[in-house]
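The values are calculated or read from the model by the stated rules, or taken from the named source; none is laboratory data. Treat the numbers as computed from the prediction; the structure is a model and nothing was measured. Surface areas here come from the heavy atoms of the whole protein model, side chains and all, with no ligands, DNA or RNA. Shrake-Rupley method; radii C 1.70, N 1.55, O 1.52, S 1.80 Å.
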Amino acid sequence: QVQLVESGGGLVQPGGSLRLSCAASGSMLVFNFMGWYRQAPGKQRELVAAIHRGGTTHYDDSVKGRFTISRANTRNPVSLQMNSLKPDDTAVYYCNAKSSTDEYWGRGTQVTVSS
């Protein structure tokens, strides 16, 4: 069993930056896909950024040029650097990981962009 725990969320002013991290514990697996999703109040959960095992990345158009996803080590497999934050970025951000057989989610971390 794998557990994912997000950290790094908080309150930031428009134009500010935050760095989200995802810590993994439990049985270590090879993740073929890791991503960050977000869900704002009243909206569906959406994929913000993803990175595949080979290093290919994908970004939603709304965050291109502002967010950067990266992989680190086994215990902290993925991070999301968020720059030039906007009020529309306000949401709960979730870490997601997929192995060849299973999918895992963290419980989320709140990001609030407000003056």
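Couple of notes before you dig in:
- Residue-level accessible surface for Ser70, protein heavy atoms, 1.4 Å, Å²: 40 Å²
- Percentage relative contact order, the chain, counting C-alpha pairs under 8 Å, at least six apart: 37 percent
- Fraction of beta bridges assigned by DSSP in the chain that are antiparallel (%, nearest 5): 95 percent
- Shape of segment 75-115, Cα gyration tensor, a/c cut at 1.5: prolate
- Coarse-grained scattering of the chain at q = 0.19, 0.21 Å⁻¹, given as base-10 log I(q)/I(0) from a Debye sum over alpha-carbon atoms: -0.94, -1.13
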